[in-house]
Amino acid sequence: MADDDQAVRYDVGDHVAMITIDRPSARNALSTDVLRGLCAGLDRAEADDEIRAVVLTGGEKIFASGADIRELRTTSPAGYLQSERLAAWARFGRFPKPSIAAVAGYALGGGCELAMSCDFIVAADSATFGQPEIRLGILPGAGGTQRWARVAGRFRAAELVLAARTVDAWTAREYGLVARVVPAERVVAAGVALAGEVAAFGPVATRLSKAAVRASEELPLAGGLEHERALLGTLLSTEDHFEGIDAFLEKRSARFTGR
Ligand code: CAA
């Protein structure tokens, strides 16, 4: 696995971890090794109390071309259901800290789904999003049909999934998928800057806020509101909430500690 050995890099900045897919020879295809590397990065970021947000990127040229099509060629239905790949996708969904996808170039198939598993997407002006699985005689297997329909509406989702249409960064922003569009050479920096903004807030409030927003994908409104109230109740017992309120009243910046 010569080209996979270093396929995922992990770098640490100020309270922000950056996880970079680096497999240019296969256009950052998400092989099992790459997914394993991504999981290892998320494990490391989750375990490190200093890390408050994560940027996931493929650099300034390509985000990810999707599942590794060569691996897919030899995957049986039974193998797929038991695979490490499936476990990896579940792991992405469980990551509790805020995550930002910094997307340049293609984010196709599983690559697009990987971006959609994050909390924010910052796109380069070169970004192209799509679910071309139908061309391979399959369909998206990591949330593409469901998340596109929720974000952009069923009819736009149908165009992407059934007609294999792709959308550029601005259309993806119009659809509500993308938070902001920046020049390609600034996309990673923009992701890190957004992560830095998020990392400045209290880590417990941030985690619970993420959990509350994520729950909106799953819960009907009444259940979601109940969940939100319960999480707020938890935050009202934290030191960070006193610190946030005192800082406002004393007209100074808050110093959140995560307690
Ligand atoms: N898996 C494995 N290898 C891939 C790959 C992928 N997803 N995408 C590209 N590659 C490989 C190519 O086979 C090629 O390898 P060789 O040099 O050994 O021939 C190399 O990367 C370069 O590819 P291209 O020459 O095609 O590069 P390009 O820059 O002209 O085009 C691209 C880039 C538009 C991303 C094009 O490669 C492409 O369309 N890739 C496939 C995209 C796709 O169909 N994604 C969906 C995958 S299925 C999926 O994701 C399923 C799921 O959710 C469960």
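The values are calculated or read from the model by the stated rules, or taken from the named source; none is laboratory data. Note that the structure is a prediction, hence the values are computed from the model and not measured. Please note: Cβ atoms are built from the backbone with ideal geometry, for glycine as well, and neighbour counts cover all protein chains shown.
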Go through the residues of the stretch 201-208 one by one and say whether even a single one is more than 24 Å from ALA45 (Cβ to Cβ) and not assigned by TED's automatic domain parsing to the domain that holds ILE121.
no
Of (1) within 16 Å of the ligand (Cβ to nearest atom); (2) farther than 20 Å from ALA184 by Cα; (3) hydroxyl-bearing (Ser, Thr, Tyr), SER65 fails just (2)
Every listed condition ((1) closer than 29 Å to ARG52 by Cβ; (2) within 12 Å of the ligand (Cβ to nearest atom); (3) out of contact with any Cys (no Cβ under 8 Å at 6 or more places or on another chain)) holds for ILE138 save (1)
Could you go through the stretch 100-122 and let me know if any residue there is of a type in the set (Asp, Glu), touching a residue at least 60 places away in the same chain (Cβ under 8 Å) and assigned by TED's automatic domain parsing to the domain that holds THR20.
yes
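Go through the stretch 1-58 residue by residue and tally those that are part of a strand (DSSP E or B), buried (at least 24 other Cβ atoms within 10 Å of the Cβ) and among the hydrophobic types (A, V, I, L, M, F, W, C). Write out each step before concluding.
Taking the stretch 1-58 as the starting set, the residues that turn out to be part of a strand (DSSP E or B) are 8-12, 16-21, 30, 53-57.
Then drop every residue that is not buried (at least 24 other Cβ atoms within 10 Å of the Cβ), which leaves 16-17, 21, 30, 53-57.
Cutting the leftovers down to among the hydrophobic types (A, V, I, L, M, F, W, C) gives us 16-17, 21, 30, 53-56.
Counting residues in the stretch 1-58 that are part of a strand (DSSP E or B), buried (at least 24 other Cβ atoms within 10 Å of the Cβ) and among the hydrophobic types (A, V, I, L, M, F, W, C) gives 8.
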Checked the stretch 108-131 for anything crowded, with 24+ Cβ neighbours inside 10 Å and part of a loop (DSSP other than H, G, I, E, B); matches are GLY109, ALA127, GLN131
Note on ALA104: of the conditions (1) of a type in the set (A, V, I, L, M); (2) within 16 Å of the ligand (Cβ to nearest atom); (3) farther than 19 Å from ILE62 by Cα, unmet is (3)
